[in-house]
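Notes to accompany the following structure.
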Amino acid sequence: MAKRKLKEHRINREWCKGCGICIEFCAKKVLEMDQEDKAQAVRPEDCVVCKLCEMRCPDLAIEVVAEEEVEEDIG
Amino acid sequence: MAVKDYIRERFFPHIWCPGCGHGIVLNGLIRAVEKLGVQKNEIVMVSGIGCSARIAGYLDFHTMHTLHGRALGFATGIKLSRPELKVIVPMGDGDALAIGGNHFIHAARRNIDMTAIVMNNRIYGMTGGQYSPLSGYGILASTAPYTSVDQSFDIVQLAAAAGATFVARTTAYHIQQMIELLQEAILHKGFSVVEVMSQCPTYFGRRNREGDAVAMLKHMQKITTPIGSKAKAEHPELIERGVFVRKELPEYCEAYDTIIRRAKEGK
Ligand SMILES: Cc1ncc(C[n+]2csc(CCOP(=O)(O)OP(=O)(O)O)c2C)c(N)n1
Ligand code: SF4
Ligand code: SF4
Ligand code: SF4
């Protein structure tokens with residue numbers, strides 16, 4: 001399988017409670033807390049689409065969307 | 001299907017505190033079901049009472065939110081009448097092993113086909129941080145202000161001794177392992193127990209100076225190790241993760257059906 005390329009991080013600001021889990025455990029340090037204590041992708045170019053942030057979020061507030069998935073959605 | 005197709009979105013954001021490990025179990029369970037490709041209407045989730053038990057309300061399966069400690073009793077009735085359905089019973093450590101301890105050991109002994117998930121945060125979260133049979137010696141709780149003198153159960157040993165035919169342990173930190181273990185447990189024919197060590201930062205973490213959710217997850221990473229690892233040999237105090245029991249025994253509903261058939265045939 002080809003290495004997946006990031007399309008975007010979809011962060012649901014209504015649901016994110018600012019626990020910091022996604023931020024702390026991202027090996028690539030892609031995410032940071034913004035001024036309102038919500039997770040934010042500040043270095044998306046470093047994201048390897050491992051989706052660990054998405055799977056560990058206790059609030060189901062973050063979704064990491066890869067390029068091919070987007071095509072699939074449309075197709 | 002997308003994660004959102006498995007939940008009742010109208011109840012979100014959910015009620016759990018920031019960083020509550022129960023939310024990670026919810027997340028892992030959705031992914032396990034998605035990977036298995038089981039239909040939502042083939043699953044019945046039966047829960048008791050507790051922060052953990054609220055997981056049933058958030059999932060768009062057939063769900064029943066019953067009585068504290070009695071979820072396995074209700075689940076047994078459902079499974080016996082509709083054995084074709086997959087029954088999943090999420091419980092807190094208090095729900096499963098304090099008030100519900102008797103239901104737990106007997107469901108395990110009967111080997112009825114269902115998946116018990118013990119979301120073990122070692123405290124009564126919902127009622128304000130009283131100690132549970134999983135808190136253990138030396139733990140601070142609202143009912144143990146000078147530390148608990150009770151020893152804790154070992155859920156894995158207890159479930160195995162009681163007769164569960166699939167027994168596993170993981171943590172909220174080890175999300176990929178959690179997803180794999182939950183898949184295997186759901187597929188296993190017989191009584192499956194998956195202990196997921198979960199964090200309650202609000203009561204357990206704060207009182208026992210374990211810090212916030214992130215610090216508690218790091219702690220779980222540190223104090224656990226895969227079954228039979230080299231680290232375990234060198235540091236016997238480490239808690240093992242993985243599958244401890246995986247065996248076949250007659251399943252309760254099938255055995256019961258056989259008896260009914262025999263009785264009808266008069267032999
Ligand atoms: C018969 C009965 N006794 C006591 C209670 C009060 N009660 C509600 S939840 C709970 C314990 C919750 O702890 P646990 O099961 O470990 O779940 P958690 O909230 O930590 O997820 C208790 C004692 C109750 N609801 N019903
Ligand atoms: S893990 Fe989820 S709730 Fe916590 S900060 Fe990240 S997006 Fe927000
Ligand atoms: S997908 Fe992986 S690399 Fe990308 S932000 Fe999430 S944890 Fe970091
Ligand atoms: S009290 Fe503890 S178990 Fe209950 S929602 Fe808050 S963190 Fe979770």
A careful count of residues in the range A:22-34 that are within 10 Å of the chain's Cα centre (by Cα) and within 11 Å of ligand 2 (Cβ to nearest atom) gives 4
Within the range B:110-127, the residues that are open to solvent by 20 Å² or more (accessible area, probe 1.4 Å) and assigned to a loop (DSSP other than H, G, I, E, B) are B:Asp113, B:Arg122, B:Met126, B:Thr127
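Output yes when any residue across the range B:111-120 is within 16 Å of ligand 4 (Cβ to nearest atom), touching a residue at least 60 places away in the same chain (Cβ under 8 Å) and within 14 Å of chain A (Cβ to nearest Cβ), and no when none is.
Step one: list which residues in the range B:111-120 are within 16 Å of ligand 4 (Cβ to nearest atom), which gives B:117-120.
In the following step, the residues that additionally are touching a residue at least 60 places away in the same chain (Cβ under 8 Å) were identified as B:117-120.
Imposing the further condition that a residue be within 14 Å of chain A (Cβ to nearest Cβ) reduces the set to B:119.
Looking through the range B:111-120, at least one residue is within 16 Å of ligand 4 (Cβ to nearest atom), touching a residue at least 60 places away in the same chain (Cβ under 8 Å) and within 14 Å of chain A (Cβ to nearest Cβ).
From A:Asp46, A:Asp37, grab the single residue that is more than 8 Å from chain B (Cβ to nearest Cβ) and more than 12 Å from the chain's Cα centre (by Cα). If you could, list the steps in order and put the result at the bottom.
Numbers: A:Asp46 fails: more than 12 Å from the chain's Cα centre (by Cα).
Only one candidate qualifies: A:Asp37.
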For the subset of the range B:205-221 comprising residues that are out of contact with any helix residue (DSSP H, G or I) (no Cβ under 8 Å at 6 or more places or on another chain) and under 16 Å from B:Met126 (Cβ atoms), which member is farthest from the other protein chains (Cβ to nearest Cβ)?
B:Arg207
Could you run through the range A:37-66 and say how many residues are open to solvent by 30 Å² or more (accessible area, probe 1.4 Å), within 11 Å of ligand 2 (Cβ to nearest atom) and either in a loop (DSSP other than H, G, I, E, B) or within 19 Å of B:Val214 (Cα to Cα) (or both)?
5
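Return yes when B:Leu158 is in contact (Cβ under 8 Å) with a residue 60 or more places away in the chain and more than 18 Å from B:Ile78 (Cα to Cα) and no when it is not.
Values: in contact (Cβ under 8 Å) with a residue 60 or more places away in the chain: yes; more than 18 Å from B:Ile78 (Cα to Cα): yes.
Here the answer is yes, as B:Leu158 does meet what is asked.
Residue-by-condition table, conditions (1) within 14 Å of chain A (Cβ to nearest Cβ); (2) within 16 Å of ligand 3 (Cβ to nearest atom); (3) buried (at least 17 other Cβ atoms within 10 Å of the Cβ); (4) closer than 23 Å to B:Gln183 by Cβ:
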| site | (1), (2), (3), (4) |
| --- | --- |
| B:Ala53 | no, no, yes, yes |
| B:Tyr58 | yes, no, yes, yes |
| B:His62 | no, no, yes, yes |
| B:Leu80 | no, no, no, no |
| B:Gly92 | no, no, yes, yes |
| B:Gly100 | no, no, yes, no |
| B:Ala108 | no, no, yes, yes |
| B:Ser135 | no, no, yes, no |
| B:Ser152 | no, no, yes, no |
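Can A:Cys19 be described as near ligand 2 (Cβ under 10 Å from one of its atoms), assigned to a loop (DSSP other than H, G, I, E, B) and more than 11 Å from chain B (Cβ to nearest Cβ)? First the steps, then the outcome.
Working: near ligand 2 (Cβ under 10 Å from one of its atoms): yes; assigned to a loop (DSSP other than H, G, I, E, B): yes; more than 11 Å from chain B (Cβ to nearest Cβ): no.
Here the answer is no, as A:Cys19 does not meet what is asked.
Here are some residues: B:Leu85, B:Leu67, B:Leu72. Which one is buried (at least 24 other Cβ atoms within 10 Å of the Cβ) and in contact with a helix residue (DSSP H, G or I) (Cβ under 9 Å, 6 or more places away or on another chain)?
Numbers: B:Leu85 fails: buried (at least 24 other Cβ atoms within 10 Å of the Cβ); B:Leu67 fails: buried (at least 24 other Cβ atoms within 10 Å of the Cβ).
It is B:Leu72.
Output the residues belonging to the range A:22-36 that are open to solvent by less than 40 Å² (accessible area, probe 1.4 Å) and assigned to a strand (DSSP E or B). I'd like the intermediate steps shown before the answer.
To start, the set of residues in the range A:22-36 that are open to solvent by less than 40 Å² (accessible area, probe 1.4 Å) comprises A:22-23, A:25-26, A:30-31, A:34.
Passing the criteria: only A:Leu31.
Among B:Phe191, B:Phe166, B:Phe204, B:Phe244, which is within 16 Å of ligand 4 (Cβ to nearest atom) and of a type in the set (Phe, Trp, Tyr)? Walk me through how you get there before you give the answer.
On the way: B:Phe191 fails: within 16 Å of ligand 4 (Cβ to nearest atom); B:Phe166 fails: within 16 Å of ligand 4 (Cβ to nearest atom); B:Phe244 fails: within 16 Å of ligand 4 (Cβ to nearest atom).
So the residue among B:Phe191, B:Phe166, B:Phe204, B:Phe244 that is within 16 Å of ligand 4 (Cβ to nearest atom) and of a type in the set (Phe, Trp, Tyr) is B:Phe204.
Can you confirm whether B:Thr165 is farther than 17 Å from A:Met55 by Cβ and touching a Leu at 6+ places or on another chain (Cβ under 6 Å)? Don't jump to the end; show me each part of the working.
Details: farther than 17 Å from A:Met55 by Cβ: yes; touching a Leu at 6+ places or on another chain (Cβ under 6 Å): yes.
The answer is yes for B:Thr165.
I'd like the full set of residues that are assigned to a helix (DSSP H, G or I), open to solvent by 10 Å² or more (accessible area, probe 1.4 Å) and at the interface with chain A (Cβ under 8 Å from one of its Cβ atoms), limited to the range B:17-42. Talk me through it step by step, then tell me what you get.
Taking the range B:17-42 and keeping what is assigned to a helix (DSSP H, G or I), we get B:21-36, B:40-42.
Filter once more, keeping what is open to solvent by 10 Å² or more (accessible area, probe 1.4 Å): B:31, B:34-36, B:40-42.
Once the filter is applied, which keeps residues that are assigned to a helix (DSSP H, G or I), open to solvent by 10 Å² or more (accessible area, probe 1.4 Å) and at the interface with chain A (Cβ under 8 Å from one of its Cβ atoms), the range B:17-42 yields only B:Arg31.
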Strands (runs of 3 or more DSSP E) (entirely within the range B:156-267) containing at least 2 residues that are surrounded by 21 or more Cβ atoms within 10 Å (Cβ to Cβ):
B:166-171, B:191-197
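Could you list, in sequence order, all residues of the range B:52-74 that are in contact with a Ser or Thr (Cβ under 9 Å, 6 or more places away or on another chain) and touching a residue at least 40 places away in the same chain (Cβ under 8 Å)?
B:Ser52, B:Ala53, B:Arg54, B:Ile55, B:Gly57 - these are the residues of the range B:52-74 that are in contact with a Ser or Thr (Cβ under 9 Å, 6 or more places away or on another chain) and touching a residue at least 40 places away in the same chain (Cβ under 8 Å).
The values are calculated or read from the model by the stated rules, or taken from the named source; none is laboratory data. Everything numeric in this text was worked out from a predicted model, so none of it was measured. Cβ coordinates were reconstructed from backbone atoms using ideal geometry, including for glycine residues, and neighbour counts include every protein chain displayed. SASA here: full protein model, heavy atoms, side chains in, ligands and nucleic acids out. Shrake-Rupley method; radii C 1.70, N 1.55, O 1.52, S 1.80 Å.
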